[in-house]
Amino acid sequence: QVQLVQSGGGSMQVGGSLRLSCVVSGNTYNTNALAWFRQAPGLEREGVAAIRTPGGGTWYGDPGRGRFTIALDAAKKSVFLNMNNLKPEDTAVYYCAAGQVGDSGLLELSNYHYWGQGTQVTVSS
């Protein structure tokens, strides 16, 4: 079993920054990647950022590319999403996830089987 517990999120004005955290515990033997997804009301869940574990290679989806950064603290078994220059369209519930990926598919939803509880991010103008 793998457990992911999130913290962070909240409300921020346009142009502001937020940091999301996710602590991973349990048996991660069958996982080699951590990722952040988000889902706005009425829309499909979309990939935001992913990082390979180990190795540290990262991949960013279109929504936050150039503004968001994923980081891993292996010692603390935590993954972070640093979000800068927030926009109203960033408003969503954000989820961290653990999964097994190959050479591609770092942000494919079907590759992730363990999920955090989600946290709301609201960006207002």
Query raised in the report: Which distance in nm do the two modelled labels at THR122 and TYR29 give, with both placed 7 Å along the Cα-to-Cβ direction?
Result: 4.4 nm
Requested in this report: Quick one: pull the percentage of alpha-carbon pairs in region 53-125 with a separation above 20 Å.
Outcome: 35 percent
Query - Gain in span if fully extended, GLN13 to ASN84, counting 0.36 nm per residue against the direct Cα distance - result: 24.5 nm
Query raised in the report: Excluding SER17 itself, what net charge comes from residues whose Cβ is under 15 Å from its Cβ, given Lys and Arg +1 and Asp and Glu -1?
Result: +2
**Report entry** Antiparallel bridge percentage (DSSP; both residues within the chain; nearest 5)
**Finding:** 90 percent
Requested in this report: Go ahead and run the numbers for FRET between HIS113 and LEU43, Cβ-Cβ distance against an R0 of 30 Å, rounding to 0.05.
Outcome: 0.85
Report summary line: For the VAL5, ARG67 Cβ pair and Förster radius 41 Å, calculated FRET efficiency rounded to 0.05 is 0.95
**Report entry** Nearest-10 value in Å² for the accessible area of PHE68, using the 1.4 Å probe
**Finding:** 10 Å²
Query - Proximal charge balance of PRO41 [Cβ under 15 Å; K/R count +1, D/E count -1] - result: -2
Report task. Would you mind listing how long the chain runs along its three principal axes, going by Cα atoms, in whole Å with the largest first? Result -> 43, 26, 25
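The values are calculated or read from the model by the stated rules, or taken from the named source; none is laboratory data. None of the values given here were measured: they were computed from a predicted structure. Positions of Cβ are generated from backbone atoms using ideal geometry, with glycine treated the same way; all protein chains shown enter the neighbour counts. These area figures cover heavy atoms from the full protein model, side chains too; ligands, DNA and RNA do not enter into them. Shrake-Rupley method; radii C 1.70, N 1.55, O 1.52, S 1.80 Å.
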